[in-house]
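J.: Here's a structure for you.
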Ligand code: SF4
């Protein structure tokens with residue numbers, strides 16, 4: 001079963017920490033873009049492809065009207081077998097009210113993900129967000145009133161002046177809302193963004209504080225019934241993101257829109273980040289990023305992002321029994337330091353291990369590929 005991803009690269013205003021591709025929202029351009037999306041989706045007609053997720057990401061997909069979102073959903077339903085699909089839309093709290101949320105439900109969206117980021121207005125101001133927490137609260141409650149049961153919220157860790165107490169207060173405020181899923185990301189200063197200055201660096205969490213904040217967030221979220229299932233993702237039982245799980249399980253997906261990535265028929269490719277080119281091209285341009293991804297390596301690389309981890313038996317099949325033995329020994333050493341769990345031939349990272357996941361995964365890949 002495939003996943004479908006639709007990229008909506010429009011934002012009302014650029015946030016100073018963001019390095020995602022997006023341009024300023026303009027109604028005319030957005031309408032032409034939606035038409036180009038439908039044209040590209042239609043190109044897959046007649047192939048009988050099945051999909052069980054459709055994800056509108058951005059940018060800010062909620063700047064589109066519910067009618068435009070509905071048109072894209074309908075096009076997907078005509079072209080793909082899309083029964084019982086999880087259909088997610090990322091939303092900026094400023095761009096929705098209960099009426100629009102009802103229209104989005106009617107259009108087929110059944111999961112909504114709000115970029116809340118913090119419950120503290122000072123931190124939201126620092127991040128250059130357009131909303132205050134009251135607006136975010138109202139948006140989440142309006143989504144519940146409009147019939148959404150599956151509601152996600154993003155939380156940003158490590159903004160200026162944050163400490164473990166203020167972070168716990170933000171987590172509690174989010175947990176008091178009717179959310180079923182929370183993504184908690186560590187603020188990363190991306191090169192070339194307005195945040196890429198020594199001044200901003202000096203104001204935001206250093207590595208030590210960021211580790212404390214992350215572990216505090218994990219603990220507080222778990223206390224509130226949000227179970228960690230991936231480095232940055234937490235869900236109430238039954239509400240893991242089906243779409244994002246596809247990425248981490250190495251399953252295939254088709255991406256539509258400027259800057260959208262795809263992994264389809266064994267090849268990874270992307271559409272260049274250029275809205276005008278996307279609108280003007282009869283079919284979306286394609287740049288191959290990986291001709292033949294190493295599926296064994298990806299199993300380790302992606303699987304260790306998940307709390308359920310990777311199977312040592314599977315490693316023996318993908319590599320060799322001897323390599324799986326070496327890997328298990330290395331994992332047992334790290335387990336003694338509380339970074340890794342080894343249970344019934346399943347190897348996974350602990351919350352402390354997630355903090356140094358890049359180093360651990362590189363070490364494991366080294367063992368497997370030498
Ligand atoms: S709204 Fe989201 S995608 Fe747009 S600039 Fe802000 S963080 Fe980036």
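The values are calculated or read from the model by the stated rules, or taken from the named source; none is laboratory data. Everything numeric in this text was worked out from a predicted model, so none of it was measured. With ideal geometry, Cβ positions are generated from the backbone for all residues, glycine too; neighbour counts draw on all protein chains shown.
Here's the yes/no breakdown for (1) touching a residue at least 12 places away in the same chain (Cβ under 8 Å); (2) closer than 20 Å to residue 227 by Cβ; (3) surrounded by 12 or more Cβ atoms within 10 Å (Cβ to Cβ); (4) in contact with a strand residue (DSSP E or B) (Cβ under 6 Å, 6 or more places away or on another chain):
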residue: 292; (1), (2), (3), (4): yes, no, no, no
residue: 296; (1), (2), (3), (4): yes, no, yes, no
residue: 302; (1), (2), (3), (4): yes, yes, yes, no
residue: 307; (1), (2), (3), (4): yes, yes, yes, yes
residue: 352; (1), (2), (3), (4): yes, yes, yes, no
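J.: Right, next: Filter the range 26-55 down to the residues that are within 16 Å of the ligand (Cβ to nearest atom) and either over 17 Å from residue 274 (Cβ atoms) or modelled with pLDDT under 95 (or both) and list them by number. Before you say what the answer is, go through the steps one by one.
T.: So in the range 26-55, the residues within 16 Å of the ligand (Cβ to nearest atom) come out as 26, 29-30, 33, 55.
Scanning the range 26-55 gives a single hit, 55.
J.: Checking residue 23 against (1) more than 18 Å from residue 190 (Cα to Cα); (2) over 19 Å from the mean Cα position of the chain (by Cα); (3) within 15 Å of the ligand (Cβ to nearest atom), which test does it fail?
T.: Among (1) more than 18 Å from residue 190 (Cα to Cα); (2) over 19 Å from the mean Cα position of the chain (by Cα); (3) within 15 Å of the ligand (Cβ to nearest atom), the lone unmet condition for residue 23 is (1).
J.: Kindly establish whether residue 136 is under 12 Å from residue 119 (Cα atoms), free of Cβ contacts under 8 Å to residues at least 60 places away in the same chain, in the same structural domain as residue 202 (by TED's automatic domain parsing) and within 16 Å of the ligand (Cβ to nearest atom).
T.: For residue 136, the condition - under 12 Å from residue 119 (Cα atoms), free of Cβ contacts under 8 Å to residues at least 60 places away in the same chain, in the same structural domain as residue 202 (by TED's automatic domain parsing) and within 16 Å of the ligand (Cβ to nearest atom) - is met.
J.: Continuing with the same structure: Quickly run through the range 151-165 and pick out the residues that are more than 15 Å from the chain's Cα centre (by Cα) and buried (at least 17 other Cβ atoms within 10 Å of the Cβ). Steps first, answer last, please.
T.: Start the filter on the range 151-165 by keeping residues that are more than 15 Å from the chain's Cα centre (by Cα), which leaves 157-165.
Of everything in the range 151-165, those that are more than 15 Å from the chain's Cα centre (by Cα) and buried (at least 17 other Cβ atoms within 10 Å of the Cβ) turn out to be 157, 158, 159, 162.
J.: In the range 237-278, which residues are assigned to a helix (DSSP H, G or I) and in contact with a helix residue (DSSP H, G or I) (Cβ under 8 Å, 6 or more places away or on another chain)? Show your work before the answer.
T.: Residues of the range 237-278 assigned to a helix (DSSP H, G or I): 242-248, 275-278.
Of everything in the range 237-278, those that are assigned to a helix (DSSP H, G or I) and in contact with a helix residue (DSSP H, G or I) (Cβ under 8 Å, 6 or more places away or on another chain) turn out to be 247, 248, 275, 278.
J.: Exactly one of these conditions fails for residue 224: (1) surrounded by fewer than 18 Cβ atoms within 10 Å (Cβ to Cβ); (2) in contact with a helix residue (DSSP H, G or I) (Cβ under 9 Å, 6 or more places away or on another chain); (3) not assigned by TED's automatic domain parsing to the domain that holds residue 158. Give me its number.
T.: (3)
J.: Then there is this: Looking at residue 58 and the list (1) surrounded by fewer than 19 Cβ atoms within 10 Å (Cβ to Cβ); (2) modelled with pLDDT under 95, which single condition is not satisfied?
T.: That leaves (1) as the condition not met.
J.: Return the residue satisfying two criteria in turn: it lies in the range 279-300 and is more than 18 Å from residue 72 (Cβ to Cβ) and in a helix (DSSP H, G or I), and of such residues it is modelled with the lowest pLDDT.
T.: 295
J.: Based on this model, can you work out whether residue 106 counts as at pLDDT 95 or above and within 16 Å of the ligand (Cβ to nearest atom)? Can you show your working first?
T.: On the way: at pLDDT 95 or above: yes; within 16 Å of the ligand (Cβ to nearest atom): no.
Here the answer is no, as residue 106 does not meet what is asked.
J.: Select from the range 3-14 the residues that are surrounded by fewer than 19 Cβ atoms within 10 Å (Cβ to Cβ) and either closer than 18 Å to residue 273 by Cβ or more than 9 Å from the ligand (Cβ to nearest atom) (or both) and list them in ascending order. Break it down into steps so the answer makes sense when it comes.
T.: Start the filter on the range 3-14 by keeping residues that are surrounded by fewer than 19 Cβ atoms within 10 Å (Cβ to Cβ), which leaves 12-14.
Once the filter is applied, which keeps residues that are surrounded by fewer than 19 Cβ atoms within 10 Å (Cβ to Cβ) and either closer than 18 Å to residue 273 by Cβ or more than 9 Å from the ligand (Cβ to nearest atom) (or both), the range 3-14 yields only 14.
J.: Find the residue count for the range 1-51, including only residues that are farther than 30 Å from residue 128 by Cβ and touching a helix residue (DSSP H, G or I) at 6+ places or on another chain (Cβ under 7 Å). Spell out the reasoning first.
T.: Residues of the range 1-51 farther than 30 Å from residue 128 by Cβ: 1-4, 35, 38-51.
With the extra rule that they be touching a helix residue (DSSP H, G or I) at 6+ places or on another chain (Cβ under 7 Å), the set shrinks to 3-4, 38, 41-42, 44-45.
Number satisfying all stated conditions: 7.
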